[in-house]
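Input: a single structure, listed below in structure tokens.
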Amino acid sequence: MPLARIPLPDPGSPDLRSPGRFLAWLARSQRRGQWMSMLWGTLFLGCRSAVPFCIGAGIQAVVEHRRGELWAAGAAALALGVLQTVASSLWHRQAVWNWIHAAAQTRQLVARQASELGSGLVRRIATGEMVAVSSGDVEKIGWFVETSSRCAAALTTWLGLSAVVLYREPRLGLAVLLGVPLLAVAVWPLLGPLERRYTRQRELGGKAAELAADTVAGLRVLRGIGGEQLFLDRYRAASQQVRRAAVRTARTSSLMQAQQLLLPGLFILGVTWYGARLVVSGDIGVGELVAVYGAGASLAWPLMLIGETAESWTAARVAAARAVRVLSVTRDDRPTPDTMADTPTETAPTDTAPLSAPERSDLHDPVTGLTAAAGRLTAVVCGDPDQAGALAARLGGHVTGGADPGAGEPSATLGGRELDRLPLAAARTAVLVHDKDPVLLSGTLAELFDVPRSGAVDPGRALAAACADDVLAALLDASPDAGGDPMRARITERGRSLSGGQRQRLALARALVVDPPVLVLDEPTSAVDSHTESRIAAGIAELRRGRSTVVLATSPLLLDRADQVVLIQDGRVAARGTHRELMHDEPRYRAVVTRETTEDQVTA
Amino acid sequence: MRAPEQHATRTTALLPVGSPASVRRYLLLLARRHRAGFGTAVGLHAVGAAAGLVGPWVLGEVVQNLSTGSTDAYITRAVLFYLAALLVQSLFTGLSRLRGGILGEEILADLREDFLVRSVALPPGVLERAGTGDLVSRATTDVDRLATTVRDAVPELSVAVVSLVLMLGALFATSPLLAVTALIGTPIIACGCRWYFRRAPQAYRDESAAYAAINTVLAETVDAGHTVEALRLGPERVELTDRRIGQWVDWSRYTLWLRANVFFPSIDFPYALSLVATLTLGGVYTLHGWTTPGQLTTGVLYAQMLTGPIDLILRWYDEIQVGQASMARLVGVREIPDPETDEGLRPQGREVRADRVRFGYREGADVLHGISLDVAPGARIALVGPSGAGKSTLGRLLAGIYTPRAGEVTLGGAALSGMPPERVRSEVALVNQEHHVFVGTLRDNLRLARPDADDQELRGALDAVDADHWFDALPDGLDTAVGSGGSQLTPPQAQQLALARLVLADPHTLVLDEATSLLDPRAARHLERSLAKVLDGRTVVAIAHRLHTAHDADLIAVVEDGRITEHGTHDALLTADRAYAALWQSWRSDGT
């Protein structure tokens, strides 16, 4: 039986009107899988319920000394056993596959949503929520999609068994028909308290885990300064709280365990008792009594499955609600190719004409009056530090890490075209803003440099320009399986194994490899020592020769390499010139760049 | 079907993982601590499980009596007996679950608290080298996995084993002949298990690693939203996610195959075979008069019941192995040796001295090659030099975090490595770019530096580092919740908090390593004022990234390739006209 291919070539467009509809949509997109799972499940459960009848027939044959019938009963049981074995295997395979299908499909949707939202993500939804959907929630969603078909199998089996018994012995059949729903419902009064206590326990557990993680993450501070006992006592208190909450959960769940033994037990007892009286009155044989007992016991499976489905629905509803919330978010700051045709918004009518020759266009910021000439290296010094971030954001048509400090201000123009009115891809292709907090994505070094790029700059040259030799050595040291090839060395998440300066240089090299027509670098060497910084400054100037580059910086080592330096004071361009000219003629510039305080100037 | 190729690289652990022997030792320790609780839980369950065996036996008796012509009165007695057994079974099983739950929670609390107790006492050098990432994942993921094991797997498994033993006992008591017949499928099950458990554990580990890898990709895409957008990596991230999903599915398909195509049939079929054998062969025995119809009934029903505990054992066996791996990682930290220190060793004076110090992170690859340096009390020394020259390593040796391979670092004549870390840190502190804000109140975050400080002193420390302006704006003052989940402090505020801790801890010597380098240079200036106040009157070794820091120092040491190549005052180095002078000239390239 072939299984659906996963990952899906296209995860489709989900029904996001409600959590229930989303779950139903997921189930519908694997309709065949759902049917197959129900089919195999019914076969499996059906075989299981039929076995007791064979046993009954066998015992009846023994009591009546009919050897032939005994062998026939045995043969039937064997056939059922084989069928059950096959059905069990196929059922498990299909049900698990349905789970995988739903989980993978949801994750594919979330991944597409994440890359669609890009920098818009931070503003619109908590990033934690998105990760929560992809980690814990998909499992619950998958669980429900899986159990729904299992539940269908259980219901079919219950109705089938009721029909068979009803036909043979109406009263017993009625007991089965009504008893199963009654037993399934009997658990519900305890489910509420159990759920509440469990949620409480989970909350406290989460808090304790957070405390432990936090304490351990800051352990170098604790070991360096002190306070271990303080934090240990705090954790102990939290841990004991978890223990007490978990014991309360255990009380309810042990009560439930007892109840789940007692009630079905009473049902089987009652049915058997009735059966025994039928034997006494001569209506049925002892074999049939054994069959009744066995069939009653075999109802445990459908019962368990119905309970599990109820449980998974509770969990999946919450998870699906979050998934729907995350998947419903749309980008509001940019026109998208889909929406721009029919709904041009008033604030940003889209500019769809292609951008011609971005490398030969000047970049202009209307707010400060800054103009970066095409093909030149322009350095910008901001007198007021807070304005630098907003300037960088405007220069890229608004893209920065975290909250956009320049939101609401007009964006920069490239060759007279407003960047934030261009389609996103066009704007990002023309201008690359290398912000202060670029993230290194984990993977091999080769993967790090596998970015959309012009092809003119190979990674080797970019790494040399960014003075990253010692970074390569450090990466190789930590990746014994790279076999000495730096391109196969691995970078851990966010480059955590590297120092701040090393991370900064790798990220710079990546931006240089892209080789965009216009490159905006915001403090690209703030964490690098002066020796290295001076070499990087030379490297950038050399590599970007003839391309437009804007560097926001305060270090003289970088400023000295620029074709032109612009000083921005009080939100406007205050002075222009080379670094040396400005040092000479512009006291305000000198004050910012050399960080001289008034006393220094007096003694100097 | 063959196992898929290995995709996710198994990262090399920087911290040790406990050996089987030490895991066993630790388990024994726990077992001894909780012996009584375990005994009670198992005892209660045994009573419950024994009562659960009454049903088939009663039915057998009823069949026996009915087939020989019995009456209503007998049946009523039997039913009442069955009812009593059912009540006992429910009650005792519930009680045993409760006792087991309470015991499990006690053990879990012990496990996680023991782990943290050991973690917070780890030698600073170990933390510095191994980082805290691995430790954090042990404190969270492994503790969590172990919780599943202790809460579910251990009780289910113990219950299943007890039930299985009782069931086999009951089967043999009913009829040894039937018991032997019922075990006919056992060899097949044994073969199937052997085959499966040889492959399964590693396959499951790889599957869950592949599963986690999908999330890593997605979490990164989300976390790096702005970078992904700026570099136009969106389509590539989507493709990477799909590829990771594909790799996970390959593993899932393999484990699914192990279970559905091999393992389950090798269990299910022998079950069916055993049942059929018990019924037909048992029927033949009865026809020959070797057993009674009652015994046959009871025997067949017991044989059918055997699947319950065996299923449980097989199902939870994997989980136990997962728990064992996590346990080994928790126990691993107990194996890190504490360096030998001498409680009696005390510094005589405040002079820090490095004498022909050699040090390397790996055997045969020294980073520092015989460095000697004297730092007089109250002096300011700047270490400058290119990245990777060994400045930070030297700083950590001077702060007593690492022990030199050769040579010695002394404080007031006493070797730093010989003193316990608690004493070293009251004298010397390393200030680096790590400014962790702990989850909790601002007070907790400050008091760690001096647990007995009152609020007046805490406020004073904040004033001393110029943090008063934002502190006064906080709604709840020292009770303000900070750290993740609380009010977010900006990086400069976090750094000021770290400096305020230093004021409270009051060490006389500070080693500054990139303390302000990760900050926005535009915000650094204000912070440097705060820092200057903290440094006042202390001995300072500063690893200088910015030349103006070096300029202000009493002495400058240029570190290149693990050696001090230049050493002297700013003016002396300018006169010497070597590397430092050249750099200074380009930095101050104002033509003057």
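The values are calculated or read from the model by the stated rules, or taken from the named source; none is laboratory data. Keep in mind that what you see is a predicted model, and the values were worked out from it rather than measured. For neighbour counting, all protein chains shown are included, and Cβ atoms are generated from backbone atoms with ideal geometry for every residue, glycine included. Areas reflect the complete protein model, heavy atoms only, side chains present, ligands, DNA and RNA absent. Shrake-Rupley method; radii C 1.70, N 1.55, O 1.52, S 1.80 Å.
Structural remarks
- On inspection, B:Arg425 fails the criterion of being without any contact (Cβ under 8 Å) to a residue 60 or more places away in the chain and crowded, with 18+ Cβ neighbours inside 10 Å.
- Checked against (1) in a helix (DSSP H, G or I); (2) out of contact with any Cys (no Cβ under 7 Å at 6 or more places or on another chain), A:Gly282 meets all criteria but (1).
- Under the condition of being part of a helix (DSSP H, G or I) and open to solvent by less than 30 Å² (accessible area, probe 1.4 Å), the residues counted in segment B:437-469 number 6.
- Residue match in segment A:213-225 (condition: in contact (Cβ under 8 Å) with a residue 24 or more places away in the chain and open to solvent by less than 20 Å² (accessible area, probe 1.4 Å)): no
- Subset of segment B:474-498 [in contact (Cβ under 8 Å) with a residue 40 or more places away in the chain and not β-branched (Val, Ile, Thr)]: B:Ala481, B:Gly483, B:Ser484, B:Gly485, B:Gly486, B:Leu489, B:Pro491, B:Ala494, B:Gln495, B:Leu497, B:Ala498
- Near pairs, Cβ below 8 angstrom, 6+ apart or cross-chain, from segment A:275-288 (at positive phi) to any residue that is open to solvent by 20 Å² or more (accessible area, probe 1.4 Å): none
- Near pairs, Cβ below 9 angstrom, 6+ apart or cross-chain, from segment B:293-306 (under 17 Å from A:Trp301 (Cα atoms)) to any residue that is among the β-branched types (Val, Ile, Thr): B:Leu301/A:Ile55; B:Leu301/A:Val290; B:Gln304/A:Val51; B:Gln304/A:Ile55; B:Gln304/B:Thr278
- Failed item, numbered, when B:Tyr82 is tested on (1) free of Cβ contacts under 8 Å to residues at least 24 places away in the same chain; (2) open to solvent by 20 Å² or more (accessible area, probe 1.4 Å); (3) facing another protein chain (nearest Cβ under 7 Å): (1)
- Residues in segment A:60-78 that are in a helix (DSSP H, G or I) and either facing another protein chain (nearest Cβ under 9 Å) or open to solvent by less than 10 Å² (accessible area, probe 1.4 Å) (or both): A:Ala61, A:Val62, A:Val63, A:Arg67, A:Leu70, A:Trp71, A:Ala73, A:Gly74, A:Ala75, A:Ala77, A:Leu78.
- Applying the criterion of being of a type in the set (Val, Ile, Thr) and within 18 Å of B:Leu135 (Cα to Cα) to the residues of segment A:203-236, the residue that is farthest from the other protein chains (Cβ to nearest Cβ) is A:Thr215.
- Helices (runs of 4 or more DSSP H) contained in segment A:417-502 and holding at least 3 residues over 27 Å from the mean Cα position of the chain (by Cα) and modelled with pLDDT of 80 or more: A:424-430, A:459-465, A:469-478
- Within segment A:189-203, at least one residue is surrounded by fewer than 22 Cβ atoms within 10 Å (Cβ to Cβ), touching a Leu at 6+ places or on another chain (Cβ under 8 Å) and under 30 Å from A:Leu266 (Cβ atoms).
- Checking A:Ala323, A:Ala373, A:Ala393 one by one, the residue that is buried (at least 18 other Cβ atoms within 10 Å of the Cβ), at pLDDT 90 or above and not charged (D, E, K, R) is A:Ala323 and no other.
- Out of B:Val159, B:Val143, one residue alone is at pLDDT 85 or above, buried (at least 18 other Cβ atoms within 10 Å of the Cβ) and in contact with a His (Cβ under 8 Å, 6 or more places away or on another chain). It is B:Val159.
- Taken over segment A:467-522, residues that are closer than 28 Å to A:Thr378 by Cα and not β-branched (Val, Ile, Thr) amount to 22.
- For the residues B:Arg346, B:Arg329, the requirement of being in contact with a Gly (Cβ under 9 Å, 6 or more places away or on another chain), part of a helix (DSSP H, G or I) and not hydrophobic (A, V, I, L, M, F, W, C) singles out B:Arg329.
- Verdict on B:Glu106 being at the interface with another protein chain (Cβ under 8 Å from one of its Cβ atoms), over 14 Å from B:Arg329 (Cα atoms) and among the charged types (D, E, K, R): yes
- As a summary of the residue check, A:Gly81 satisfies the conditions (1) more than 8 Å from chain B (Cβ to nearest Cβ); (2) without any contact (Cβ under 8 Å) to a residue 60 or more places away in the chain except for the one numbered (1).
- Identity of the residue in segment A:503-534, part of a loop (DSSP other than H, G, I, E, B) and not aliphatic (A, V, I, L, M), that ends up farthest from B:Leu231 (Cα to Cα): A:Asp529
- Residues in segment A:255-267 that are open to solvent by 30 Å² or more (accessible area, probe 1.4 Å) and either touching a residue at least 24 places away in the same chain (Cβ under 8 Å) or of a type in the set (A, V, I, L, M, F, W, C) (or both): 9 in all.
- Total residues in segment B:286-305, condition more than 7 Å from chain A (Cβ to nearest Cβ), surrounded by 20 or more Cβ atoms within 10 Å (Cβ to Cβ) and under 19 Å from A:Gly68 (Cβ atoms): 0
- Residue among A:Gln257, A:Gln229 that is closer than 30 Å to B:Arg501 by Cα and part of a helix (DSSP H, G or I): A:Gln229
- Of residues in segment A:579-589 being assigned to a helix (DSSP H, G or I) and either modelled with pLDDT under 85 or more than 12 Å from B:Arg588 (Cα to Cα) (or both), the one farthest from the other protein chains (Cβ to nearest Cβ): A:Arg588
- Given (1) among the small types (Gly, Ala, Ser); (2) out of contact with any helix residue (DSSP H, G or I) (no Cβ under 6 Å at 6 or more places or on another chain); (3) within 10 Å of chain A (Cβ to nearest Cβ); (4) open to solvent by less than 20 Å² (accessible area, probe 1.4 Å), index of the condition B:Ser137 fails: (4)
- In the set (1) within 21 Å of B:His226 (Cα to Cα); (2) crowded, with 24+ Cβ neighbours inside 10 Å, A:Val471 fails one condition alone, (1).
- Residue identified as at pLDDT 95 or above and open to solvent by 10 Å² or more (accessible area, probe 1.4 Å) among A:Gln94, A:Gln105: A:Gln94
- Output for segment A:226-254, where each listed residue is open to solvent by 30 Å² or more (accessible area, probe 1.4 Å) and of a type in the set (Ser, Thr, Tyr): A:Ser253
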